[in-house]
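Below: one structure, written as structure tokens.
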Amino acid sequence: MKHVLSLSFVRRGNCHGDHMKCSVLFAVAVFAFSTRSITAQEAPQTKLKPADAVMTLPFNSAGYVRELSDSRVIFMMMDSLKSYQDPTKQYMVVADMKSRRMDRLPEWPLADLRALAADTSLLPVGGGWVFTNGTKVLGMLEATNPVVVAAQSLIGADSMGFLVALRNQRRDSADVVRVNRSTAEVEQLVRIKRSPILPPGPAPMYNGVQERVVYTFDGWLGVLRTAPYRVDWRSPAGKWTLGKPIPVPIVRFDDRERQAYIAVRPVLLGEFAPTSPPKTWPEFVEHSTGSPTPIPTPDGKMLVSRTPTADFPGTRYDVVNREGVVERQIVIGEREEIIGFGAKSVYVRFGRRDRTDVRLERHPWP
């Protein structure tokens, strides 16, 4: 018997602006749930092909990886755990995976970059946008530019002159819009659910999962829905393909899973690990927390992270095609995480949980 779970959720906590720390906090918050009592048929599991390049990093810092046409990669770097609190110890780098050479990019601002066409990228900084080509900084659009104003909460860009962004962000929802880069004309595409916005300070451990979207270079919009779990797609011409609910196990938070969660927190969080157990426990957990995925794949699909469990402690991703069907499930190690794609590559960070033996791996894709 198949069941679709849409009960309790997990939130990522107060870690705004620090996606690497958010990813770690988010992973630990959803660990430890059981699938022993009720099961659903899962897609076939596969592993990645062996790595064709490996690079050791001085610290667990590589977040999103941007691959250039010459196979070099750009990502954020930091020297130590204490660098989380010191922006001057964080910087952007470009790395050659084959030679293992890594160089700083001193002119680059520290920001989450968005890939544009070819080797161009966009970095949101101070309300405006800095544009780059390869490793060179080209210039900046000020915060008052009409296109920047229209697409302030930028999600992605296509090769046809459009941007996709969030607008009208309410307490429980937001509008996904498409913005013409030449005219700043705005077209509303869809509305998505959001987690409640909480004030600064200590937050509840479990507080919901927001729906998320991806936008591909060929103009397809993918929407990760949460209740029930499914993926909808919009074509560049505006045709919607609504995915059917994806069957997932109902996961119960029993004593076994609580103990597993408590035991693993120091391994996952290190100095960030709470010293006492949670005061409240949800009865169930969502199949996927959403973050740090979904990620668009180079062959036009969506990668969705699945919640680790005591029975399945490894890192798992559903590969969802444009019909909303899970083609396969990628399984990698407990301490591994997919952090980006190239034209024919997928990048995996190893060591995200214990902060030792950290390395960046490049694997062929698909």
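Structure notes:
- Contacts under 6 angstrom Cβ, first residue in region 96-113 being closer than 11 Å to Val54 by Cα, partner assigned to a strand (DSSP E or B), 6 or more apart: Met97/Ala53; Met97/Met55; Met97/Arg362; Lys98/Ala53; Arg100/Met55
- Checked against the criterion of being under 29 Å from Thr56 (Cα atoms) and either at pLDDT 95 or above or in contact with a helix residue (DSSP H, G or I) (Cβ under 8 Å, 6 or more places away or on another chain) (or both), region 137-147 contains one or more residues that satisfy it.
- Qualifying residue in region 81-90 (condition: of a type in the set (A, V, I, L, M, F, W, C), at pLDDT below 95 and either crowded, with 20+ Cβ neighbours inside 10 Å or in contact with a strand residue (DSSP E or B) (Cβ under 7 Å, 6 or more places away or on another chain) (or both)): no
- Selected residue (criterion: farthest from Val176 (Cα to Cα)) from residues of region 114-150 that are in a strand (DSSP E or B) and touching a residue at least 40 places away in the same chain (Cβ under 8 Å): Ser121
- Count of residues meeting criterion [more than 16 Å from the chain's Cα centre (by Cα), modelled with pLDDT of 70 or more and among the hydrophobic types (A, V, I, L, M, F, W, C)] in region 282-297: 1
- Residue within region 230-242 that is in a loop (DSSP other than H, G, I, E, B), on the phi < 0 side of the Ramachandran plot, among the acidic types (Asp, Glu) and modelled with pLDDT of 80 or more present: no
- In region 38-63, residue modelled with the lowest pLDDT [restricted to those that are closer than 18 Å to Asp96 by Cβ, assigned to a loop (DSSP other than H, G, I, E, B) and of a type outside the set (S, T, N, Q)]: Ala62
- Output for region 162-175, where each listed residue is out of contact with any Gly (no Cβ under 6 Å at 6 or more places or on another chain) and within 17 Å of Val149 (Cβ to Cβ): Phe162, Leu163, Ala165, Leu166, Arg167, Asn168, Gln169, Ala174, Asp175
- Members of region 230-241 found to be farther than 23 Å from Asn180 by Cβ and over 22 Å from the mean Cα position of the chain (by Cα), listed by number: Thr241
- Residue within region 185-205 that is at pLDDT 95 or above, part of a loop (DSSP other than H, G, I, E, B) and over 26 Å from Pro298 (Cβ atoms) present: yes
- Boolean, Ala111 is surrounded by fewer than 14 Cβ atoms within 10 Å (Cβ to Cβ), of a type outside the set (Lys, Arg), at pLDDT below 95 and not in a strand (DSSP E or B): no
- Qualifying positions in region 294-318 - β-branched (Val, Ile, Thr) and under 30 Å from Ala263 (Cα atoms): Ile295, Val304, Thr307, Thr309, Thr315
- Residue check, Val358 modelled with pLDDT under 95 and either at positive phi or β-branched (Val, Ile, Thr) (or both): yes
- Residue in region 80-91 that is in a helix (DSSP H, G or I) and aliphatic (A, V, I, L, M) present: yes
- Tally, over region 181-191, of residues that are under 25 Å from the mean Cα position of the chain (by Cα), polar (S, T, N, Q) and either buried (at least 16 other Cβ atoms within 10 Å of the Cβ) or more than 15 Å from Arg234 (Cβ to Cβ) (or both): 0
- Residues in region 214-229 that are part of a strand (DSSP E or B) and β-branched (Val, Ile, Thr) were compared, and the one that is nearest to the chain's Cα centre (by Cα) is Val214.
The values are calculated or read from the model by the stated rules, or taken from the named source; none is laboratory data. Bear in mind the structure is a predicted one, so any value in this text is a computation, not a measurement. Don't worry about glycine lacking a Cβ; one is built from the backbone with ideal geometry, like all the others, and counts go over all protein chains shown.
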